[in-house]
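The values are calculated or read from the model by the stated rules, or taken from the named source; none is laboratory data. Note that this is a predicted model, so its numbers are computed, not measured. Virtual Cβ from ideal backbone geometry, glycine too; neighbours counted across all protein chains shown.
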């Protein structure tokens with residue numbers, strides 16, 4: 001069995017050193033902008049692959065009626081439980097351990113107004129199966145947020161990155177730390193070459209509420225790793241599952257293409 005990245009341990013480090021109220025605010029703002037919603041009042045929010053739990057907490061603060069957080073990684077579940085406890089253990093927040101690629105588990109979940117699955121399905125090792133399970137979790141007119149790694153060509157192709165990630169996860173402690181050192185140094189120097197103050201960039205980095213080091217190590221080590229073009233993802237949900245596109249944000253690089261689909265129900 002292929003060795004997988006310890007996503008939960010990376011999130012644990014993030015909560016220990018990178019998480020704060022300003023990052024929580026950025027996480028909430030990113031969801032509001034992508035979903036085009038000002039609040040989640042009366043919404044059931046299903047957080048698939050909750051990671052640190054920051055987006056579940058953001059949904060709580062945005063007024064979600066019910067939050068269900070799910071992750072297959074035990075450490076990630078513990079991280080989410082820690083944020084829940086710090087928030088007073090609200091009764092409308094439930095945390096479960098399970099996999100999006102497990103059809104039986106998914107079928108046991110309630111349908112939701114918002115299904116949030118950002119950067120998750122491509123790490124299951126069964127991406128298309130995992131994506132296939134998502135539409136069934138939507139209530140009528142529900143919104144599905146999906147982010148999938150972009151298919152890349154050229155020197156830094158998706159295939160090359162798959163080999164790098166595989167090598168990282170197969171390596172021992174020294175191999176992993178060496179690869180992390182060189183990858184972080186490479187990105188630090190890229191900022192210097194662009195005449196940007198790297199210390200300021202790192203300190204102020206809050207994309208989706210994340211932290212610079214957390215994001216880079218997640219990218220370097222994130223395995224299993226799959227990918228798809230924006231067109232492939234669109235056709236999958238639009239043509240196969242008959243979902244309507246509500247919003248899209250694409251990238252030309254190694255990041256994620258982001259989508260919001262809606263289970264549109266028209267009145268007869």
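With the condition kept exactly as written, say whether any residue in segment 86-104 is part of a helix (DSSP H, G or I), in contact (Cβ under 8 Å) with a residue 12 or more places away in the chain and within 18 Å of the chain's Cα centre (by Cα).
For segment 86-104, residues part of a helix (DSSP H, G or I), in contact (Cβ under 8 Å) with a residue 12 or more places away in the chain and within 18 Å of the chain's Cα centre (by Cα): absent.
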* To do: Only one of these is modelled with pLDDT of 95 or more and either in contact with a strand residue (DSSP E or B) (Cβ under 6 Å, 6 or more places away or on another chain) or assigned to a loop (DSSP other than H, G, I, E, B) (or both): 217, 164, 248. Name it.
  => 248
* Check 192, 233 and return the single one that is assigned to a helix (DSSP H, G or I), in contact with a strand residue (DSSP E or B) (Cβ under 6 Å, 6 or more places away or on another chain) and at pLDDT 95 or above. => 233
* **Residue list for segment 251-268, filter: within 18 Å of residue 133 (Cβ to Cβ) and not in a strand (DSSP E or B)** => 263
* Asked: Does residue 130 fit the bill of being in the same structural domain as residue 67 (by TED's automatic domain parsing), under 19 Å from residue 228 (Cβ atoms), part of a helix (DSSP H, G or I) and under 15 Å from the mean Cα position of the chain (by Cα)?
  -> yes
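A quick yes/no check of all residues on (1) in contact (Cβ under 8 Å) with a residue 12 or more places away in the chain; (2) more than 16 Å from the chain's Cα centre (by Cα); (3) under 27 Å from residue 28 (Cβ atoms):
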{"position": "151", "(1), (2), (3)": "yes, yes, no"}
{"position": "156", "(1), (2), (3)": "yes, yes, no"}
{"position": "177", "(1), (2), (3)": "no, yes, no"}
{"position": "203", "(1), (2), (3)": "no, yes, yes"}
{"position": "244", "(1), (2), (3)": "yes, yes, yes"}
* Only residues that are outside any helix (DSSP H, G or I) and either buried (at least 24 other Cβ atoms within 10 Å of the Cβ) or not assigned by TED's automatic domain parsing to the domain that holds residue 136 (or both): list them for segment 50-64, please. => 50, 51, 52, 53, 64
* Examine segment 148-166 for a residue that is more than 25 Å from residue 249 (Cβ to Cβ) and surrounded by 14 or more Cβ atoms within 10 Å (Cβ to Cβ), and state whether such a residue exists. => yes
* Pick from segment 195-210 the residues that are part of a loop (DSSP other than H, G, I, E, B) and closer than 28 Å to residue 53 by Cβ: which of them is modelled with the lowest pLDDT? -> 206
* Does segment 133-161 hold any residues that are under 24 Å from residue 36 (Cβ atoms) and part of a helix (DSSP H, G or I), and which are they? -> 135, 136, 137
* Asked: Does segment 49-65 hold any residues that are over 17 Å from residue 38 (Cβ atoms) and touching a strand residue (DSSP E or B) at 6+ places or on another chain (Cβ under 8 Å), and which are they?
  -> 49, 50, 51, 53, 56
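Quick check on residue 180: is it modelled with pLDDT of 95 or more, in contact with a strand residue (DSSP E or B) (Cβ under 9 Å, 6 or more places away or on another chain) and surrounded by fewer than 19 Cβ atoms within 10 Å (Cβ to Cβ)?
no
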